[in-house]
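Read through the structure below, which is laid out as C-alpha cells, and then see the notes.
Read the figures in this text as sums done on the coordinates, not as results from a lab. Owing to the predicted nature of the structure, the values given are computational and were not obtained by experimental measurement. Here the Cβ positions follow ideal geometry from the backbone for every residue, glycine too, while neighbour counts run over all protein chains shown.
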Amino acid sequence: MMADAEFFLGVDGGGTGSRALLCTADGMAVGVGLAGPANIMTGFEAAVSNIMTAIEQAFEQADLSMERVPDTPTVLGLAGANIGTLAGRFKAALPFKTCEVTTDAETALEGAVGSNDGVAAIIGTGSVFAYRRSGRFHTVGGWGFLVGDLASGAWLGRHLLQEVLLSFDGIHEGSSLTRKVLDDFQNNPQTVVEYAHTAKPGEFGKLAPLIFEFADQRDPIARRIVSRATSDIEETLDKILPDGDGRFCMIGGLGPVYSGLLSSYYRNRVREPIADAVTGAANLAIRTFAREAT
C-alpha cells in the first residue's frame, strides 16, 4: 500500500452492527471492518466504541497506521443522527479533523441510487424512507420504534408482544404464534411485560423472522401484523414515490422481504440497489471532501 496515497473512509452504523470501508480516491476498497451496533440514540458510548473498532479493522486490513485516522476524510451514516444534537455530540467524540456525521438513511440512499434522484425504503431493525428529488435529500419517518419506524423489525416485535398480551387477556383470539411466544416466556405475561420494558430495538427485532415464518403458515395474527406493516409502507410510498422512472429500492434486512408482499404497482417498480450503505458513505466522503480539496 502506498503510504502517501489519499484515502477516504465511510462508516455505516445501525441497530444491528457497524461497518467501515476505507477507499482510495477512485473508490477502490482497501480495507473493511465490522463491529457491533451503533445506534447513537439508544447506545451512544457503545456506538463510539464499536465504530472505532470497525475503523481499526479497516486500517489494519489496509496495512495503514492508526495514526492516519484523524487526517482521513470521513462520512459516517448513523442511526439516530437525525435526533436533536446527537450528531454534533458524536462528531466531537471522534478523532477526525475532516468528518461529516449524517443519518444512515442518507448513506443508504447514496449506495442504493448513487448520486441521482431516487427513493429507498430502508427497513431493518428500524425504518426510514429516504429520497432525493431535484438533487435534494429528504427523509420520512425514522423517529424510533416507540413512536415511528413503521414496519421495522422492532415495530413488528413490539406489536407481536402486544398481541400476546391481548390474547392472554381474551380480548383477541390467540393463535399458534401467540401461544408459542407466550410459551417462550414461561407462560407468564408478567415476564413479557418485564422483557418489553427493558428490551432494546434489536431485541424486539429478533422476533421479526418468527412473524414472517408464521405468516407464511397463514397464522392469522402474524398475517394481520404483516398486512398492517405492508399497508404502512405503501401509504408512505404514495406520498414520496414519483410517477417517473427514478430508481426505487427496498433495502435493509427486511426491505427485500416486504418487496415481494407489495401490491403489483409498487412491486413492479422495485430495482436492485447499486451498492450498499457503507459504500454509499465512502462515496459521499469522496464526493464531499475530494471536491472541497480541489
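Observations on the model:
- Amide H partners (placed H, <5 Å) of residue 149, local residues excluded: 127, 142, 143, 144
- Ignoring lysines fewer than eight residues from residue 206 along the same chain, the ones with Cα atoms less than 19 angstrom from its Cα are 180.
- Near the amide H of residue 31, within less than 5 Å, lie the amide hydrogens of 22, all on another chain or at least 5 residues away, with H placed in the peptide plane.
- Footprinting exposure proxy ranking of 86, 207, fewest other C-beta atoms within 10 angstrom first, gives 86, 207.
- Residues considered: 244, 114, 142. Largest GNM mean-square fluctuation over the chain, using C-alpha springs under 10 Å, is found at 244.
- Between 0 and 90°, nearest 10: helix 189-198 axis offset from the chain longest Cα axis: 20
- Per residue, the chain reaches -12500 deg cm²/dmol at 222 nm when only DSSP H runs of four or more residues are counted, each adding -39500 (n - 2.57).
- The H on the amide N of residue 80, modeled in the peptide plane, is under 5 Å from the matching H of 104, each at least 5 residues off or on a different chain.
- Percentage relative contact order, the chain, counting C-alpha pairs under 8 Å, at least six apart: 21
- Estimated Rh, the stretch 8-75: Kirkwood, alpha-carbon pairs, angstrom: 11.7
- Remark: the stretch 236-294 projects, on average over all directions, an area of 5.4 nm² (convex hull of Cα atoms).
- Karplus-derived HN-Hα couplings along the stretch 46-57 (A = 6.51, B = -1.76, C = 1.60, θ = phi - 60°), whole Hz, x at Gly and Pro: 5, 5, 4, 5, 5, 5, 5, 5, 4, 5, 4, 4
- Compactness of the stretch 153-267 is given as radius of gyration and Dmax, 15.8, 52 Å, from Cα positions.
- Order of 119, 30 under a 10 Å beta carbon neighbour criterion, fewest first: 30, 119
- Gyration tensor analysis over the Cα atoms of the stretch 88-243 returns equivalent ellipsoid semi-axes of 35, 20, 11 Å (largest first, whole Å).
- Convex hull volume per residue for the chain, taking Cα atoms only, in Å³: 135
- Remark: 96, 90, 7 ranked as 96, 90, 7, counting other beta-carbon atoms within 10 Å and listing the fewest first.
- The longest stretch of the chain left intact once loop-based GluC sites (Glu not before Pro) with at most 16 other Cβ atoms within 10 Å are removed from consideration, loops following DSSP, is 7-172.
- Per-residue Karplus couplings for the stretch 126-140, computed as 6.51 cos²θ - 1.76 cosθ + 1.60 with θ equal to phi - 60°, are listed in order as x, 8, 7, 10, 10, 8, 10, 10, 6, x, 9, 8, 9, 9, 10 Hz, Gly and Pro entered as x.
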